[in-house]
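K.L.:
Sharing a structure here in structure tokens format.
Values in this text are rule-based calculations from the coordinates and carry no lab data. Keep in mind that what you see is a predicted model, and the values were worked out from it rather than measured. Counting neighbours? That spans all protein chains shown, and the Cβs are built from the backbone with ideal geometry, glycine included.
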Amino acid sequence: MILNKSDPPVAAKLQIELAKNPIAKAVYEALEKAPGAFEIVAEATGFEVRAPDLLPTGLPNRARLKIFSPRPGHTLVFFYKRSLVPYSRDRYSYGGIDLREGQAEAQEIAAWIAFVSSGFHPDKRPANLRRAFPYEIPE
Amino acid sequence: MASPGQHVAAAPETSATRPPSISVEPSCPEIPLNPCELEIDLFCKGMRIDPSCALEQDARFISRTRAGLGSGLEIVIPGTIKDVWVNVPVEEDFAQQSCYRLVRESGEYSIVDERNGLRYPIRIPPEPAWYTRVTRRGTPMHKVGVLQGTYLGIYISNSCGFWYHTPPLNCRFCATGLNVGVNEVAVKDVEDVVEVCRAAKEESGVTFVHFNSGYQTDRDLDVAAPYVKAVKSRVGALIGLQLIPTLAFWKYDRLIELGTNHFSFCYEFHNPEYFATLLPGKQKLVGQETFFRALEYTSKQLGKGACSGEIIAGVEPVEDTLRAIDYITGVGAFPTVCIFRPTIGADMEHWPPPRYEDMLIVFRHLYEACRRNNIPMDVTPNIEVSLIVQPGDTRYLAPRNWATRWYGMKMAAARQLARPYFWWKRRPREIAASDVLAPS
């Protein structure tokens, strides 16, 4: 479930992103039905979501998923963590998925969501995840 | 041991699977640690950051470039022998459970050990002004190179080729393939590099520029050559290269002609089994022996103490690490020993960090091995490496005896005598040799 979808900045962001990208829309719909809590990051480029629940270790889940299009018709799904240090600009990549065809199956999307919910546990890595993801990732 | 290509699961904490430890049960210090001891413990345990800290104003931003080791907070531990620069883990999960906490009181920073209440005053080096500037081409300078301690580190390649094999052949501890495009510019333009080096030299007093890259399909040294020539001729600095080795030794001769002063070889693990399992690309495409031969050759060419063998401590058995130190110093090189850091996103992210007690043994041994082999320590000016316990830091661990005093006197004399030599080596000069490497 997405906790903050009614916040005005988030609602405005969702209106733009879901209209722009069918993958983002499919992920949004899956997140609404998925167990666990999620939040949309309104200030980020593209469609970005994080999982605010604590992990079984008791540590915060820092996992994020970002969906964006470097050019029309080309969608990238990027998994990363932001820094714990408030002022840091660093991002910790866990890789990504290059969707040149612009399509994703429901079970693929479920795998992405499970990966995020687990805090990027290696056992939950999506099958087609590319670890080295040499694209310029916007903030 | 997991097979190459397999997910490298965290080593469970049992005596059967944890690398054998020489030391006894962990101890809580009753007297303050000296700067090197504290450095070692911080590398092993990391540090939490108290809300009282104002690091946004006071600190260099944390930037995980290169292999991922630079993911920590740069601090300086003041000391009577020397100040010790440390890149302290703060982001990784193990650091969130550290007994060490960075606090700020009355504008001053200290590290509190919550086990015993001991406090260690430290300094936070400020962020250089050039970090947030852009080059003439519009590239943010901090995405070209970063200070790691007092030297400038630049990753020059378009990521490491090991990451692009199927299955990936990346070194299991490394995060370099995860950084490019995210935190770094993918390909470093030579003009950008020159501009950043000049800014770092003029504004941060940098004397040493260290280039490294990942696997470039046996073109590693060729890729580096234009950068070496450009920086040496147009900026002037001591230059080091940390690249995948080759048995085409003539390439090292060409790079020395272009101005390279130092080569380092990251063979990581002395134990061949650990090398093979945790470094699948280096095992398959390079071989451990290539590292050894290249280190031996360049060490002979450049002289004692000019080159280094880089290894990781805290993964393979401690005895193997000690053997590595003996080997490296035995060929006239200095050991750069990284305390294993389970970096975020790496395959070994869930491995435990090493034990302080084991690392203390390693670095005491390192001091003795350098002394025994007369390896120069801290002779080059203003090179403080925050990512490792550098050999000069281990002076704090030296036994108090005549051998230590004699070695210390020799190093102090070498430091003074070498000053004009290193001044000469750091000046920009015309270089006639071509930056396209070819056998002569």
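K.L.:
Per residue of the range A:45-56, what does 6.51 cos²θ - 1.76 cosθ + 1.60 with θ = phi - 60° give for ³J(HN,Hα)? Whole Hz please, x for Gly and Pro, Karplus curve as stated.
P.N.:
My calculation for the range A:45-56 gives 6, x, 9, 10, 9, 10, 10, x, 5, 6, 7, x Hz in order.
K.L.:
Can I ask one more? Order these by the 10 Å Cβ neighbour count, fewest first: B:ILE77, B:ILE31, B:ILE49. Each step should come with its number before you reach the end.
P.N.:
Details: B:ILE77 25, B:ILE31 7, B:ILE49 19.
With the sparsest Cβ surroundings first, the list reads B:ILE31, B:ILE49, B:ILE77.
K.L.:
Where in the range B:82-109 does the label zone of B:ARG115 land, with the point 7 angstrom along Cα→C-beta and an amide N cut-off under 12 Å?
P.N.:
Taking a point 7 Å out along Cα→Cβ of B:ARG115, the residues of the range B:82-109 whose backbone N falls under 12 Å are B:98-100.
K.L.:
Regarding chain B, what are the three Cα extents along the principal axes, ordered largest first, in Å?
P.N.:
For chain B, the Cα spread along each principal axis is 61, 50, 49 Å.
K.L.:
Hey, can you rank B:310-317, B:213-220 by average C-beta count inside 10 Å, highest first? Mind showing how you got there, number by number?
P.N.:
Values: B:310-317: 24.0, B:213-220: 20.1.
The densest-packed peptide leads the list: B:310-317, B:213-220.
K.L.:
Which helices, taking whole DSSP H runs in chain B, have alpha carbons extending 30 angstrom or more along the helix axis plus mean Kyte-Doolittle at least -0.5?
P.N.:
Working: long enough: B:402-426 (34 Å, -0.75).
Passing helices, by number: none.
K.L.:
Related question: Applying a 10 Å radius around every beta-carbon, put A:35-45, B:360-370, B:412-422, B:163-173 in order of their mean neighbour count, most first. Intermediate results must be reported in sequence, preceding the final value.
P.N.:
Values: A:35-45: 16.0, B:360-370: 21.8, B:412-422: 12.7, B:163-173: 19.3.
The densest-packed peptide leads the list: B:360-370, B:163-173, A:35-45, B:412-422.
K.L.:
Across chain A, what fraction of all alpha-carbon pairs, as a whole percent, falls in each successive 10 Å bin from zero upward?
P.N.:
With 10 Å bins starting at 0, P(r) equals 12, 46, 37, 5, 0.
K.L.:
So, one more: On alpha carbon coordinates alone, what is the Rg over Rh value for the protein assembly as shown, Rh being the Kirkwood radius? Don't jump to the answer; show the numbers that get you there.
P.N.:
Numbers: Rg = 23.9 Å, Rh = 24.8 Å.
Expressed as Rg/Rh, it is 0.96.
K.L.:
Another question about this same structure. Near B:SER52, within a Cβ-to-Cβ distance under 15 Å, what is the net charge of the other residues, with Lys and Arg +1 and Asp and Glu -1?
P.N.:
-2
K.L.:
Can you compute 3J(HN,Hα) from phi for each residue in the range B:94-101, using the Karplus curve 6.51 cos²θ - 1.76 cosθ + 1.60 with θ = phi - 60°, rounded to whole Hz and x for Gly and Pro?
P.N.:
Running phi through 6.51 cos²θ - 1.76 cosθ + 1.60 with θ = phi - 60° gives 5, 5, 5, 10, 6, 7, 8, 9 Hz.
K.L.:
What value, in deg cm²/dmol to 500, does the helix sum -39500 (n - 2.57) over DSSP H runs of n ≥ 4 give at 222 nm once divided by the residues of chain B?
P.N.:
-10000 deg cm²/dmol
K.L.:
Roughly how crowded by other chains is peptide B:342-348, in terms of the mean Cβ count from those chains within 10 Å of each of its Cβ atoms?
P.N.:
Values: counts 0, 1, 11, 10, 3, 2, 0.
Rounded to a whole number, the mean comes out at 4.
K.L.:
Still on this structure: Rank the residues B:VAL194, B:VAL389 as a footprinting-exposure proxy: fewest other Cβ atoms within 10 Å of their Cβ go first.
P.N.:
Values: B:VAL194 18, B:VAL389 27.
With the fewest neighbours first, B:VAL194, B:VAL389 line up as B:VAL194, B:VAL389.
K.L.:
What's the FRET efficiency of B:THR80 with B:GLN301 using the Cβ-Cβ distance as r and R₀ = 22 Å, to the nearest 0.05?
P.N.:
Values: r = 37 Å, r/R0 = 1.67.
The pair B:THR80/B:GLN301 has a calculated efficiency of 0.05.
K.L.:
At 7 Å along the Cα-to-beta-carbon direction for both A:ASP7 and B:ARG123, put a label point, then send me their distance in nm to one decimal.
P.N.:
4.1
K.L.:
Also: In the protein assembly as shown, what % of DSSP beta bridges are antiparallel (nearest 5)? Intermediate results must be reported in sequence, preceding the final value.
P.N.:
Numbers: 45 of 71 bridges.
Percentage antiparallel, nearest 5: 65.
K.L.:
State, as an integer percentage, the relative contact order of chain A based on alpha-carbon contacts under 8 Å between residues 6 or more apart.
P.N.:
RCO, chain A: 18 percent.
K.L.:
Right, something else. If R₀ is 60 angstrom, what is the calculated FRET efficiency for the pair A:HIS74 and B:THR404, using the beta carbon separation as r and rounding to 0.05?
P.N.:
Values: r = 62 Å, r/R0 = 1.04.
Step by step, r from the Cβ atoms, then E = 0.45.
K.L.:
I would also like to ask the following. Determine the shielding of peptide A:72-85 by partner chains: average, over its residues, the number of Cβ atoms on other chains within 10 angstrom of each Cβ. Before the final figure, lay out the partial values.
P.N.:
Numbers: counts 0, 0, 0, 0, 0, 0, 2, 1, 4, 3, 1, 8, 10, 11.
Mean partner-chain Cβ count within 10 Å for A:72-85: 3.
K.L.:
With every atom except the alpha carbons ignored, what do you get for Rg and Dmax of the range B:35-122, in angstroms?
P.N.:
12.3, 36
K.L.:
Only residues of the range B:208-238 count here: report those whose backbone N is under 19 Å from the spot 7 Å along Cα→Cβ of B:TRP250, or say none.
P.N.:
B:218-226
K.L.:
Any idea how far apart A:ALA127 and A:THR45 come out in nm if each label point goes 7 Å out from Cα toward Cβ?
P.N.:
3.2
K.L.:
Read phi for every residue in the range A:112-129 and hand back ³J(HN,Hα) as whole Hz from Karplus 6.51 cos²θ - 1.76 cosθ + 1.60, θ = phi - 60°, with x for Gly and Pro.
P.N.:
In residue order, the calculated couplings are 4, 5, 4, 4, 5, 4, 7, x, 6, 5, x, 5, 9, 4, x, 4, 9, 5 Hz.
K.L.:
Enumerate the amide H contacts of B:TYR267 below 5 Å, restricted to partners 5 or more residues apart or on another chain; note that Pro and chain-start residues carry no placed amide H.
P.N.:
The answer is B:GLU310.
K.L.:
Per residue of B:43-55, count partner chain C-beta atoms within 10 Å of its C-beta, then hand back the mean as an integer.
P.N.:
On the way: counts 0, 0, 0, 0, 0, 1, 3, 0, 1, 0, 3, 1, 4.
Taking all residues of B:43-55 together, the mean is 1.
K.L.:
Would you be so kind as to identify which of B:PHE334, B:PRO51, A:LEU54 lies farthest towards the positive end of the dipole of the protein assembly as shown, taking Lys and Arg as +1 and Asp and Glu as -1 on Cβ and the Cα centre as origin?
P.N.:
Selected residue: B:PHE334.
K.L.:
Additional query: What is the packing order of peptides A:57-63, B:226-232, B:40-46, taking the mean over residues of other C-beta atoms within 10 Å and listing the highest first? Could you put the intermediate results ahead of the total?
P.N.:
Values: A:57-63: 15.9, B:226-232: 22.9, B:40-46: 25.4.
Per-residue Cβ counts within 10 Å, averaged per peptide and sorted highest first, yield B:40-46, B:226-232, A:57-63.
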